[in-house]
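See structure below.
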Amino acid sequence: MPTIVPYTYEKKEEKIVYFTSLLKDMKVLVATEKPFAAEAVNGIKEICEAAGYQVVLLEKYTDKAQLLEAVADADALIIRSDKVTAEVIEAARNLKIVVRAGAGYDNVDLAAASARGVVVMNTPGQNSNAVAELALAMMIYMSRNRFTAGTGSEIQGKTLGIHAYGNVGKLVGRKGKAMGMNVIAYDPFITDDFVFENDGVRKVGSVEELYAQSDFLSLHIPATPATKGSIGYELLSSMPKGATLVNTARKEVIDEQGLEKALDERTDLKYITDIAPDAVEHLAEKFGKRFFATPKKMGAETAEANINAGLAAARQIVDFFVNGTTKFQVNK
Ligand code: NAD
């Protein structure tokens, strides 16, 4: 008779108890419109299968109906930028946990998940280095006229402003320091000054101060109701002469009309983004070398980040069922 290890997940007055030994036939669905690297998929399978779970892959799906069908009997779900809407949660009658292999989780309907007692997690920090490297590369690309003819400029000696000093922001700051940049940062949720001092980064007191001083501004705020559309004309037009805004965060945090107006008025300003704005073609045509959007979001698209985030997602699922660990839960 196997030992029955009860795991209890408290959801307000309701108490859900999973008996891990009874969950051996669990199905872990990996639903990725943009698939993981093969090594990541193999690692996910190894970790889940060692725990006795079955892994089912739904890759490169083109229709929401395929996802709705695949989640119907899934106990756990691993996703990337895939949308987990209320409809998906509703269709997934056995679902207990969703892990977004990545940092931002604005693609998951948290309220719908919470209402059904489904735990949602992300895998913070696992793809940060990939995003940070891209942010630095974007600064150099814009400084060198997008690798076309003409005299460029160097990033050494310039002031790099970090908007949000989380996992990615910190790494961009450290890499910026290594390139000889003067790094400043703003993050109202980090109250311990040692976090900045430890990296030799100067903390500024307001978002206005940050933009007004930054030759390069690297954006790392999450897309939340408070941040959506919050970066617009006022902040952009306050930036120093020749400044560049680098966005590896989310398109939703930009007020696109404000951005266009600032680029219109200030012919020295530049914008580079990993998340194409709605009016990408219009902006590319209008602003030429001063504007660039990656053809597809590629910040976390490295083999290393894929493997780190995919394996972390699988480990978190096993740890959740076996030990009840909810350390990275985002819908508490
Ligand atoms: P993180 O959670 O480690 O850090 C986010 C930081 O934002 C935290 O320090 C928090 O205090 C701060 N913050 C929250 N609201 C803020 C506000 N209103 N003003 C200033 N600071 C605020 O996340 P991360 O791993 O650093 O990722 C940052 C964002 O980058 C994610 O939310 C995601 O949207 C985006 N991202 C993009 C890619 C990509 O492929 N381009 C990959 C990973 C992450």
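Taking every DSSP bridge with both residues inside the chain, close to 15 percent are antiparallel. Against the chain, whose longest principal axis is taken from its Cα atoms, helix 167-178 shows a tilt of about 40°.
Dividing the alpha-carbon radius of gyration of the range 128-293 by 2.2 N^0.38 Å (N being the number of residues), what value is obtained?
Details: Rg = 14.7 Å, N = 166, 2.2 N^0.38 = 15.3 Å.
The value comes to 0.95.
Our note on the geometry: Cα centres of the range 263-320 and the range 116-148, 7 Å apart.
Model label points for Asp264 and Glu209, set 7 angstrom from Cα along the Cα-to-Cβ axis, are 3.3 nm apart.
On the basis of the beta-carbon distance and an R0 of 30 Å, Val195 and Lys83 show a calculated FRET efficiency of 0.35.
Only Lys, Arg, Asp and Glu count, each charged at its Cβ (+1, +1, -1, -1), so figure out the dipole size of the chain about its Cα centre, rounded to 20 debye.
Computed charge dipole of the chain: roughly 400 debye.
Across the protein chains, with a 1.4 Å probe defining accessible surface, the residues Thr159, Thr191 rank Thr191, Thr159 from largest area downward.
Exposure check, 1.4 Å probe, all protein chains in place: Ser214 carries approximately 0 Å² of accessible surface.
Using helices alone, what [θ] at 222 nm do you get for the chain, with -39,500 (n - 2.57) per DSSP H run of 4 or more residues, divided over all residues and rounded to the nearest 500? Don't skip to the end; give the middle numbers.
Numbers: 12 runs with 116 residues, N = 332.
After summing the helix terms and dividing by residue count, I get -10000 deg cm²/dmol.
Counting only residues at least eight positions apart within a chain, or on another chain, the lysines with an alpha carbon under 21 Å from that of Lys203 are Lys158, Lys170, Lys175, Lys177.
In the chain, Rg over Rh equals 1.02, where Rg is the alpha-carbon radius of gyration and Rh the Kirkwood radius from pairwise Cα distances. Pairs of Lys residues in the range 217-332 are counted when their Cα atoms are under 23 angstrom apart and they lie 8 or more places apart or on different chains; the count is 26.
Students often check this: by mean Cβ neighbours within 10 Å, which of 176-186, 197-207 ranks highest, and how do the rest follow? Let's see the in-between values first.
Values: 176-186: 19.6, 197-207: 14.4.
Answer by packing, highest mean first, reads 176-186, 197-207.
From largest accessible area down, sort Phe147, Phe194, Phe320, Phe328; use a 1.4 Å probe on the protein chains.
Numbers: Phe147 145, Phe194 120, Phe320 0, Phe328 65 Å².
Final ranking, largest accessible area leading: Phe147, Phe194, Phe328, Phe320.
Highest average first, the peptides 43-50, 124-131, 245-252 ordered by how many other beta carbon atoms sit within 10 Å of their residues are 245-252, 124-131, 43-50. For the peptides 256-263, 116-123, the ranking by mean Cβ contacts within 10 Å, running from highest to lowest, is 116-123, 256-263.
Once you order the gyration tensor axes a ≥ b ≥ c over the Cα atoms, which shape class does the range 221-324 get: rounded for a/c under 1.5, otherwise prolate or oblate by comparing a/b with b/c? Taking the square roots of the gyration eigenvalues as a ≥ b ≥ c, the range 221-324 is prolate.
Based on the Cβ-Cβ distance from Asp319 to Lys177, what FRET efficiency comes out when R0 is 25 Å, to the nearest 0.05? If you can, show how the numbers build up before the last one.
Numbers: r = 35 Å, r/R0 = 1.38.
Once the sixth-power term is evaluated, E becomes 0.10.
Along the axis of the charge dipole computed for the range 128-293 (Cβ charges of +1 for Lys and Arg, -1 for Asp and Glu, origin at the Cα centre), the listed residues Thr191, Ala137, Leu160 are led at the positive end by Ala137.
Helix 38-50: angle to the longest alpha-carbon principal axis of the chain, degrees 0 to 90, nearest 10? The angle comes out at about 30 degrees.
Relative to the dominant Cα principal axis of the chain, helix 303-323 is inclined by about 40°.
The values are calculated or read from the model by the stated rules, or taken from the named source; none is laboratory data. Because the structure is predicted, anything quoted here is derived from the model rather than measured. So basically every Cβ, Gly included, is an ideal-geometry build from the backbone, and we count neighbours across all protein chains shown. We work out accessible area using only protein heavy atoms, side chains counted, and drop any ligands, DNA or RNA first. Shrake-Rupley method; radii C 1.70, N 1.55, O 1.52, S 1.80 Å.
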